[in-house]
Amino acid sequence: MMSVTRSGTKYQEGLRGASASRGAAHEPSPSIVEKWLTPFRWTRDRLREIDYYSARRTRGFWTRASDGWVIASMPASLILVCVVALLIRQEETQRLFHGTLQQRRTGEFMAAIVPPGAGVPGDERYIGTIDIVRERRTAGWPVPLWVEVTQATVTLDRGDGAHPLDLRAKSPDVDAIRAALARRGPEALTMVTAPTEEGIQLGAAAAAFGVTWMVLLPLGLGLIQVMRGVTALSMRSVERRRRRLRAMGRCHQCGYDLTGAEFSAACPECGTVLI
């Protein structure tokens with residue numbers, strides 16, 4: 001009976017081991033969110049190990065300043081990014097196409113439109129110059145956080161100044177310009193007739209916030225440490241001066257000569273407590 005019980009126990013242990021191995025083999029892989037949270041969890045565990053959140057930990061003025069800056073640097077970075085986006089704005093005029101409007105001997109209008117910088121063929125009678133431009137406005141630095149691209153403007157200069165044209169109108173010159181754009185492909189006509197587009201560049205905004213925070217955080221902590229060192233040096237110099245005055249028998253605050261004076265708890269000149 002004892003042998004049967006032992007064999008049964010071994011059998012149950014074998015079953016538990018096999019089920020545990022199968023569970024480990026089929027354990028689901030961590031999701032993307034869990035992978036992103038891994039550094040934060042590791043930081044939390046390390047802070048708990050050093051008892052960072054304990055009230056028993058000694059916190060001086062400079063320690064509280066450093067802890068406060070770690071938290072305040074994030075909203076400060078966000079505010080700085082928004083202020084920069086409000087103050088730094090740029091406008092750029094983009095020339096999409098240019099060309100000429102010509103008239104054939106038969107009286108038919110013909111437009112020759114080419115990209116910027118390319119030569120315009122002119123074999124027929126010259127009528128005017130065509131310009132197709134659009135405005136691009138950005139806000140933010142060094143990467144644009146907000147972008148606005150206006151609808152393209154088509155102008156025709158017949159020698160008396162540039163006059164805007166509506167490509168939806170029905171006229172021989174507009175039909176010729178529209179046909180010239182269609183010959184360049186559907187992308188050209190779509191680019192010219194596209195409506196105004198504007199929006200926030202979320203990726204650029206997140207990158208700007210991250211870079212700004214990574215710059216502000218060490219700068220603030222470094223400045224706090226510099227101020228801490230300067231304060232410590234000044235306190236040491238003050239303490240050395242006090243010790244020197246005490247050794248000379250003078251008040252450590254105002255330097256009043258206490259030689260021959262009766263002992264008192266305070267300086268008779270300035271009233272500083274003599275320690």
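Just so it is clear, none of the values below were taken in a lab; they were calculated from the coordinates. The shown structure was predicted, so the numbers you read here are calculated from the model rather than taken from an experiment. Cβ atoms come from the backbone with ideal geometry, glycine included; neighbour counts cover every protein chain shown.
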Inset, instruction - Could you check the simple spin-label distance between Q94 and W141, using points 7 Å along Cα→Cβ, in nm with one decimal? - result: 2.2
Inset, instruction - Return the long-range amide H neighbours of V154 (sequence gap of 5 or more, or a different chain), with a cut-off of under 5 Å between placed amide H atoms. - result: L165
Legend entry - Ranked list, fewest to most other Cβ atoms within 10 Å of each Cβ, for Y256, Y126: Y126, Y256
Legend entry - Likely footprinting exposure, M235, M74, M110, fewest C-beta neighbours within 10 Å first: M235, M74, M110
Legend entry - Mean shadow area of the range 87-202, taken as a quarter of the surface of its Cα convex hull (nm²): 8.8
Inset, instruction - Would you kindly state how much longer the chain becomes between V273 and E239 on full extension, computed as 0.36 nm times their sequence separation minus their alpha carbon distance, in nm to one decimal? - result: 10.7 nm
Legend entry - Cβ-based exposure ranking for E148, E91, in which fewest neighbours within 10 Å come first: E91, E148
Inset, instruction - Work from the charge dipole of the range 87-202 (Cβ charges, +1 for Lys and Arg, -1 for Asp and Glu, about the Cα centre) and give the residue of Q90, G128, M110 farthest towards its positive end. - result: M110
